[in-house]
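Here is the structure we will look at.
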Amino acid sequence: ILWVGLFLPQVFAARYVETLPWKKPWAIWGGAIQRVFILLLAISVLAFAGQSPATALACVFVFYALSQIGLGVTTPGWFDLFAKVTPLRRRGRLIGMRNSIGGAAAFLCGLALTWMLSHFSFPVNYSLAFFCAFALQILSVMVQLNLVEEQPSKAVAKKGLGEYVRQIPGVLKHNKRFRRF
């Protein structure tokens, strides 16, 4: 669910995103919708786990899958926006800092999660963890609202799906840097 939901939709979303001159609305709206599925996951665990564990489990799988698909659909526009608003020579450093701070925050969140899971009973503990995940993730969307997209991107004419998919091997063949990536 994690990897298929994240990577497969990107192939199709990128086809659409490259036709958009402004990437920020795609990244903001897509990110907000993706995070709503985390909120629904939290609500469904709280509402159903006590009386109907099978329903709660089904909701967890469905909302988690929809969240990952939403992330996959949003990612190409987010990366286009990131590349557009971040100077070329700062991108690597920014991603490195982002990953380092994210790793440290994940450690602290792991401590908080351990505390929540041990101090609250099921299903409150799990739904509380999902509510916290939603709150932290929605904060990132609010930070992105402050990004300024000064110029429109060069929009590409929309292609048919077959034509678009046939182009993918050529990108790997002709773009040495992307192939190594």
List every residue pair whose Cβ atoms lie under 8 Å apart, where the two residues are 6 or more positions apart in sequence or sit on different chains, the first residue falls within the range 22-33 and is closer than 11 Å to L147 by Cβ, and the second residue, located anywhere, is hydrophobic (A, V, I, L, M, F, W, C) and surrounded by 20 or more Cβ atoms within 10 Å (Cβ to Cβ).
K23/V17; K23/L81; K24/L81; A27/L81
Can you name the residue in the range 121-174 that is within 23 Å of V60 (Cα to Cα) and of a type in the set (F, W, Y) and is also nearest to the chain's Cα centre (by Cα) among such residues?
F134
Can you work out which of the residues in the range 49-71 that are part of a helix (DSSP H, G or I) and free of Cβ contacts under 8 Å to residues at least 12 places away in the same chain is nearest to S153 (Cα to Cα)?
V62
Given (1) exposed (fewer than 15 other Cβ atoms within 10 Å of the Cβ); (2) within 27 Å of W26 (Cβ to Cβ), identify the lone condition not met by L81.
(1)
Picking from T19, T74, which residue would you name as being of a type in the set (S, T, N, Q) and outside any helix (DSSP H, G or I)?
T19
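Working only within the range 139-148, note down all residues that are in a helix (DSSP H, G or I) and either of a type in the set (S, T, N, Q) or surrounded by fewer than 16 Cβ atoms within 10 Å (Cβ to Cβ) (or both). It would help to see each step written out before you state the result.
Here is the first cut: in the range 139-148, the residues in a helix (DSSP H, G or I) are 139-144.
Across the range 139-148, the qualifying residues are L139, S140, M142, V143, Q144.
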Could you go through the range 58-78 and let me know if any residue there is in contact with an Asp or Glu (Cβ under 7 Å, 6 or more places away or on another chain), modelled with pLDDT under 95 and surrounded by 18 or more Cβ atoms within 10 Å (Cβ to Cβ).
no
Pair list, Cβ under 8 Å, 6 or more apart: the range 149-176 residue assigned to a helix (DSSP H, G or I), other residue surrounded by 11 or more Cβ atoms within 10 Å (Cβ to Cβ)
L161/F12; L161/R15; Y164/R15; V165/V11; Q167/K159; I168/V11
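Here's the yes/no breakdown for (1) exposed (fewer than 11 other Cβ atoms within 10 Å of the Cβ); (2) part of a helix (DSSP H, G or I); (3) modelled with pLDDT of 95 or more; (4) touching a Cys at 6+ places or on another chain (Cβ under 6 Å):
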site	(1), (2), (3), (4)
L108	yes, yes, yes, no
T114	yes, yes, yes, no
L117	no, yes, yes, no
F122	no, no, no, no
A129	no, yes, yes, no
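The values are calculated or read from the model by the stated rules, or taken from the named source; none is laboratory data. All figures in this text were calculated on a predicted structure; none of them were measured in a lab. For neighbour counting, all protein chains shown are included, and Cβ atoms are generated from backbone atoms with ideal geometry for every residue, glycine included.
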